[in-house]
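Everything below concerns the one structure shown next.
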Amino acid sequence: MSAPEVAKPVARTPKPPMRAGAKKARRGERRVALYLIAPTIILLAIVIGYPVVSAIVMSFQKDAGLDPATGMFVQGGFAGFSNYTHWLLQQCSTADGGTTACPPGNLGSGFWNATFVTFFFTVVTVILETVLGMWMALIMNRTFKGRGLVRAAILIPWAIPTAVTAKLWFFIFSVSGIANALLNTQILWTSDEWASRFAIIIADTWKTTPFMALLILAGLQLIPEDVYEAAKVDGATTFQRFWRVTMPLVKPALMVAVLFRILDALRIYDLPAILTGGGGGNGNATTTLSILVIDQIRQGFNSASALSTITFLIIFIVAFIFVRFLGANVVRTQESQQKGKL
Amino acid sequence: MKATRLSIIAGIAVASLALAGCSGGSGGSSDNSGGDDSRGPITYVQGKDNSNVVRPLIDKWNKAHPKEKVTFKEQSDQADQQHDDLVQHFQAKDSNYDVVDVDVIWTAEFAAKGWLQPLTGKYKMDNSKLLPATVKTGTYNKIQYAAPQTSDGGILYYRKDLVPTPPKTWDEMMADCSIAKQAGIGCYAGQYAKYEGLTVNVAEAINTAGGTIVGEDGKTPTLNTPEAKKGLQRLVDGFKDGNIPAEAITYQEEQGRQAFEAGKLLFLRNWPYVFNLAKTDGSSTVKDTFGIAPLPGDGGPGASSLGGHNAAISTYSKHKATAFDFVKFLQSEETQKFFVTQGSLSPVIASLYDDADLNAKFPYLSTLKTSIEHAVPRPVSPFYPAITKAVQDNAYAALKGSMSVDEALKNMGDAIKTAGSGS
């Protein structure tokens, strides 16, 4: 140990020597802890802090414009909030420097539509996946012959990479594909407004329900068998056992699973990008916020930064609301569970 | 303890240095002096070499130029990824990307960013043998920035068992649709899904009718004309009449090809690559019953959009003299011939389309020549992504019938106007 550590306690002579020693030890401990955490903090600052800050800084810069004399790109300069108003208020700048409402065909005009589409997908897929996932988990939780096989089979869709899933469903939903052949219909799955949305929902539900089922199954397996036995002895029906025993006990795991899925669904990109290219309806029926960001990146980074910052804030707010109002419940349920109240 | 603290400080310093390195691209001094007359090893960058064309060529070059060897940097086979890869390397002022292969629609963007060496002065290319339309794709603001390397044009595939003489005009083709109706198949299709292919097809329709999407400057929309309206109206009416089958709204190149090969279409607009596949595919039912013709037009042949790639020299190259020689080598008659025989790519030298040997092997060449001779490049604009988006969104809505043709063209024009003025 070097000099500074020795010098400090000397300056505080009035305190009892024993306590000073303990304090010194604690302080040393704290410093060691700091050193141990430091690499993580630095790493997080680099891989999370820097890109986020950089994106926010960029979002206040104008995208490069052309110098009319040379035809070459020049830096756009400070933009104020114009990149944000471009998306939120659908204002496009005109050649003479004014603003006008973004015409259809400009990405800015697609913002609210993309927001609606994203939330629509999120609400519908999460509800479907929760219900189906619960059902699958209940099946997987039973003991029966071939349980291992069923568990493995249910997990297969989740194991397939999303890009492959999307391509798979792309072929299934093509005009002369198997979906139309089985249903004996001529639905344009990738082009019709609602059919294309449901194509995405079907594919996403097929793919991610196993994930929900897995998380819920983990919760189910924590429920001790004797609780059910006690319920049976008390004469509870199957429905009552599910509603009064299973549901409250599985709720913490369920909430975490739903939260994960909501966050995941809000940034859905690859499935619609490959399956419909964001098309359908008038061409934007399945354009989600993430697809809009990627489209915008090719037209200008700074405006894309503003859009991704907005998207980030939307997801953050949704997650915050969820954790604040339902997540607080998660903690309480767990606490009472530990205390044996439930 | 001191040692640990020091090492942590050092760690932070190193990390922030690395960070500064990452954020490059905005700062840094420009270094495009030197290089001009310098010779030495260079790198050629191109997307995936699917039919093994580039490697034999580079081997040949390297044998002849042992001191100015070319290394091949192969990108992915996805156009978007190739574009983004080039952008990243140019932004980093990478001197290792000497000669780059750029899609015709990216040329203006890269030129306006100052990434491409203007082909003027001692870099002047001899364009006399080339198809003029191909040179236009490499020219931005009246300066040539990229040398045409390969080209591509749309041709009309038709069923010669049902239609003995191919239609010369759009109206003739629509009249032939009664034959399709009798045969119980779809009449005509192109690429109408909402992607780049839709821009290609809409541009063809508008150009064929005598209209244009943007003016000479590449940014002022010129869609408020009777000609532009006539062009788009034809496609819209095609869908309305059922002459273009409803499912064609989902077609990209491949779906259209499959439908044609399955005998479900009388006419198909597609690229030359379909020719060999339709002749040889096991699943093709039209092997001996299809023919090819130039796209139908208004009196004369229709105006195809141009595909293909251009070769350009990076402004950051350290050996531009070698790079320039290599670009000329890529455009030489011998290389161009190799492109055709080895890769079925369409050459940019006009005379090759009349070459008897090549025509014997690739019977579509003379038709393709007519197509490319009458071709009109897609808008050459640094804001091409925004322009193509404006065209796709509004044309798609018009084809679906949820937007009138007038409204679609007006919105298209308005959206193109906003493209050039920031966000």
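Summary table below
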read-out: Index of the failed condition, A:Asp96 passing every other in (1) touching a residue at least 12 places away in the same chain (Cβ under 8 Å); (2) surrounded by fewer than 18 Cβ atoms within 10 Å (Cβ to Cβ); (3) acidic (Asp, Glu); value: (1)
read-out: All positions within region A:154-198 that are of a type in the set (Val, Ile, Thr), in contact (Cβ under 8 Å) with a residue 12 or more places away in the chain, surrounded by fewer than 18 Cβ atoms within 10 Å (Cβ to Cβ) and closer than 21 Å to B:Gly401 by Cβ; value: none
read-out: Any hit, region A:200-219, residues being within 26 Å of A:Val126 (Cβ to Cβ) and in a loop (DSSP other than H, G, I, E, B); value: no
read-out: One residue from B:Glu407, B:Glu334, B:Glu373 being charged (D, E, K, R) and under 22 Å from the mean Cα position of the chain (by Cα); value: B:Glu373
read-out: In region B:215-242, the residues that are away from chain A (no Cβ under 12 Å) and surrounded by 23 or more Cβ atoms within 10 Å (Cβ to Cβ); value: B:Ala228, B:Gly231, B:Leu232, B:Leu235, B:Gly238
read-out: Single condition B:Ala386 does not satisfy, out of (1) touching a residue at least 24 places away in the same chain (Cβ under 8 Å); (2) part of a helix (DSSP H, G or I); (3) surrounded by fewer than 23 Cβ atoms within 10 Å (Cβ to Cβ); value: (3)
read-out: Residue match in region B:193-216 (condition: within 19 Å of the chain's Cα centre (by Cα), over 24 Å from B:Ser344 (Cα atoms), in a strand (DSSP E or B) and in the same structural domain as B:Phe275 (by TED's automatic domain parsing)); value: yes
read-out: Region A:45-66, subset at the interface with chain B (Cβ under 9 Å from one of its Cβ atoms) and part of a loop (DSSP other than H, G, I, E, B), residue nearest to B:Tyr140 (Cα to Cα); value: A:Ala64
read-out: Within region B:366-383, considering residues that are away from chain A (no Cβ under 14 Å) and of a type in the set (S, T, N, Q), the one surrounded by the most Cβ atoms within 10 Å (Cβ to Cβ); value: B:Ser371
read-out: Of all residues making up region B:245-265, the number that are more than 19 Å from A:Gly283 (Cα to Cα) and part of a helix (DSSP H, G or I); value: 7
read-out: Among (1) crowded, with 20+ Cβ neighbours inside 10 Å; (2) under 20 Å from the mean Cα position of the chain (by Cα) - the single one B:Asn127 does not satisfy; value: (1)
read-out: Scope region A:260-305; condition away from chain B (no Cβ under 11 Å), among the β-branched types (Val, Ile, Thr) and assigned to a helix (DSSP H, G or I); matching residues; value: A:Ile262, A:Ile274, A:Ile291, A:Val293
read-out: Failed item in (1) outside any loop (DSSP other than H, G, I, E, B); (2) out of contact with any strand residue (DSSP E or B) (no Cβ under 6 Å at 6 or more places or on another chain); (3) more than 9 Å from chain B (Cβ to nearest Cβ), with A:Thr85 passing the rest; value: (2)
read-out: Lone unmet requirement of (1) more than 10 Å from chain B (Cβ to nearest Cβ); (2) of a type in the set (Asp, Glu); (3) surrounded by 15 or more Cβ atoms within 10 Å (Cβ to Cβ) for A:Glu29; value: (3)
read-out: Among the residues listed as B:Asn394, B:Asn411, the single one being surrounded by fewer than 24 Cβ atoms within 10 Å (Cβ to Cβ), within 11 Å of chain A (Cβ to nearest Cβ) and assigned to a helix (DSSP H, G or I); value: B:Asn411
read-out: Of all residues making up region A:136-167, the number that are assigned to a helix (DSSP H, G or I) and out of contact with any helix residue (DSSP H, G or I) (no Cβ under 8 Å at 6 or more places or on another chain); value: 6
read-out: Candidates B:Phe324, B:Phe329, B:Phe339 - the one that is within 23 Å of B:Lys142 (Cα to Cα) and aromatic (Phe, Trp, Tyr); value: B:Phe324
read-out: Single condition B:Arg159 does not satisfy, out of (1) within 30 Å of B:Val202 (Cα to Cα); (2) surrounded by fewer than 24 Cβ atoms within 10 Å (Cβ to Cβ); (3) at pLDDT below 95; value: (3)
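Yes/no matrix, rows are residues, columns are (1) touching a residue at least 12 places away in the same chain (Cβ under 8 Å); (2) surrounded by fewer than 16 Cβ atoms within 10 Å (Cβ to Cβ):
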position: A:Ala218; (1), (2): yes, yes
position: A:Ala230; (1), (2): no, yes
position: A:Asp234; (1), (2): no, yes
position: A:Val245; (1), (2): yes, no
position: A:Pro248; (1), (2): yes, yes
position: A:Pro252; (1), (2): yes, no
position: A:Phe260; (1), (2): yes, yes
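The values are calculated or read from the model by the stated rules, or taken from the named source; none is laboratory data. Since this is a predicted model, take the numbers as computed values, not measurements. Please note: Cβ atoms are built from the backbone with ideal geometry, for glycine as well, and neighbour counts cover all protein chains shown.
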